[in-house]
Amino acid sequence: MAIVALGCAACSPRAREFLAEGGGGSAHESASSGTGLGGGGEQDGQGAGGDGGHGGHSPATCDPTDVADAGDGVFVSKLASSGFEDGSAVAPMTRLAAGIELARARGRSAVYVAPGVYDETVVLPPGLHLRGGWRVDANLDWRRDCTEDAASKVVIVARGVEAPVVTVDRASDDEGTAPVIIEALTISTTGDVTGPLPGEPGASLVGLLVRGGIDVTLERVSIRTHAAGAGGPVAAGTMGAAAETYCKQTECHDGLVGESGAAATPALPGSWGQDGRFTPGDGSPGGPGATGHSGTPGGPETCFETEECVSGCTPFPECAPRFRDEPTCSQPGQCGCGGFGGGGGEAGRGGGASAALVAVGATTSVLLRGTSLSAGKGGDASAGAPGGLGGVGSSGAPGLDSGYCSLGACFLEETRCEYDRGAREFKEGGSAGGNGGPGGPGASGSPGAGGPSLAVVMVGGASVTVERSELTASMGGSGEPAGVSAARFDAP
């Protein structure tokens, strides 16, 4: 792995701000601090993107004749086949988690790891060192492996997506903050996240999470994360319901289309929590459309007057009160009601983050020596779904005809009135009102934010010091806004 020492201009706040805010593309950082592991100040750089590689650099103090300290460690090997495990060099544990628990129970300070692929997540407590880079011979002697590719021979792989592959943390405040060393091994995710779930944000990948105020040193370690998950597809807004009834005459209006739904608010970038987990930046749903306007008013009512109903009794007014009909009115025409507005489209979902190292907390610090960090592509966001169409309005209807008014003859014979009902006259109902307007369409949801690709994330003031190490970020995920791509990223 080529080490490039670049000028200090790349470590100015302006350069870092540019890296943090850029979307798409890639960012690559190499750092050099002298020839030995105990070199002086940090010097960062920015250059072309590339693979972080596996293996880093052999420490100057590596001695191939060194042997593991059996009195202060627990041994782990995938090649153990005796069926008996006691954590010794001749009967090692076969799982890292089991070796770590045994070391804690016995008060040991180191877990020695033989070459192999360990398919599990690992949680390291304060004060416990995880040491790869060993050769195990036929006599089960564990000696230091100082070759260039020693780190690639011990691989910790996690098949989950949300949990970090390796976590360094305290289970409680009683555990203290004793330093941790991780040496000569590879931490990796298994592959790109595939198959976004409908309506779900993209899944994130984290190689190493450090929190709890612990000082952690990585020597000859390679951390690689793959492409994070994309946001899942979302559903379009539902179509507004059609109007089913007629509106009151006082509600008749102009029959116009209802107003469209309010535009969705743009998504914000995803955020890193104080627990070291990434929350993707989802968009927002579109506003629902408004109900359509009711139709134009129908024709007015018409009424019979009292005089019209007693005209046949003239000139005998004394007969009229007994035989006249009450005056009646027709009904006005009814207007159609507006259709209901369409539903707003669902919000697009944000893409997940791909981060090699996440350090959390102002008292947490990480030192990288001869180490390679490489983050995969950030997850693409999904687009906001379109809003639904408005429902159709109902049709106007004519008003009902009135009752009748008798126009028959009325005459007097001695002391009684004779009444002959003749023709009856009706008043027609008012003409139909206008149709209701359709409901307004719902607005589309806004797209989610693309997920970031970050080699190092520092949350809440955590510090990361780089010595002769390589940091590589891939492209940020597509979205609005696009995901950032940065070798280092300072999160609030």
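To make sure I understand the rule: partners must be lysines, Cα under 24 Å from the Cα of Lys153, and not fewer than 8 residues away in the same chain. Which ones qualify?
List returned: Lys78.
HN-Hα J couplings of the range 233-242 from phi, Karplus 6.51/-1.76/1.60, θ = phi - 60°, integer Hz, Gly and Pro as x?
x, 10, 8, 6, x, 6, 6, x, 6, 6
So what is the relative contact order of the range 186-312, in percent, for Cα pairs below 8 Å that sit 6 or more residues apart? All intermediate terms of the calculation are to be shown ahead of the outcome.
On the way: 171 pairs, mean separation 30.4, N = 127.
Once divided by the residue count of the range 186-312, the mean separation gives 24 percent.
First select every other residue whose beta carbon is under 10 angstrom from the beta carbon of Ser402; then total the charges, Lys and Arg +1, Asp and Glu -1. Please report the intermediate quantities before stating the final value.
Values: positive: Lys427; negative: Glu301, Asp401, Glu425, Glu428.
Summing Lys/Arg as +1 and Asp/Glu as -1 gives -3.
Residue-wise, which Karplus ³J(HN,Hα) couplings in Hz belong to the range 478-485, taking 6.51 cos²θ - 1.76 cosθ + 1.60, θ = phi - 60°, and x for glycine or proline?
My calculation for the range 478-485 gives 6, x, 10, x, 6, x, 7, 10 Hz in order.
Size of the range 142-195 along its principal axes in angstrom, Cα-based, largest extent first?
Taking max minus min along each principal axis of the Cα atoms, the range 142-195 gives 43, 37, 15 Å.
So what's Rg/Rh here for the range 70-113, counting alpha carbon atoms and using the Kirkwood radius for Rh? The partial results should precede the final answer.
Values: Rg = 9.0 Å, Rh = 9.8 Å.
With Rh from the inverse mean 1/r over Cα pairs, Rg/Rh is 0.92.
If we count other beta carbons within 10 Å of each Cβ, what is the order of Ser172, Ser446, Ser294, Ser222, fewest first?
Numbers: Ser172 8, Ser446 23, Ser294 31, Ser222 28.
Least to most surrounded, the residues fall as Ser172, Ser446, Ser222, Ser294.
Measuring from the lowest to the highest alpha carbon on each principal axis, how far does the range 114-251 reach, largest first, in angstroms?
Taking max minus min along each principal axis of the Cα atoms, the range 114-251 gives 98, 35, 21 Å.
What is the sum of charges around Val168, taking Lys and Arg as +1, Asp and Glu as -1, for the other residues whose C-beta is under 11 Å from the C-beta of Val168?
On the way: positive: Arg170, Arg211; negative: Asp169, Asp215.
Here the charged neighbours net out to 0.
Between the range 246-263 and the range 167-226, how many Å separate their Cα centres?
Each part reduced to its Cα centre gives a spacing of 57 Å.
Net charge around Gln334, counting only other residues with Cβ within less than 12 Å of its Cβ (Lys, Arg = +1; Asp, Glu = -1)? Present the calculation step by step, with values, prior to reporting the outcome.
Working: positive: Lys248; negative: Glu251, Glu301.
Net charge in that neighbourhood comes out at -1.
Just grab the label-to-label distance for Arg143 and Phe84, each label 7 Å out from Cα along the Cβ direction, in nm (one decimal).
2.7 nm
Quick note: the coordinates plus some simple rules give every number you see, no bench work behind them. These numbers were taken from a predicted model, which means no experiment stands behind them. So basically every Cβ, Gly included, is an ideal-geometry build from the backbone, and we count neighbours across all protein chains shown.
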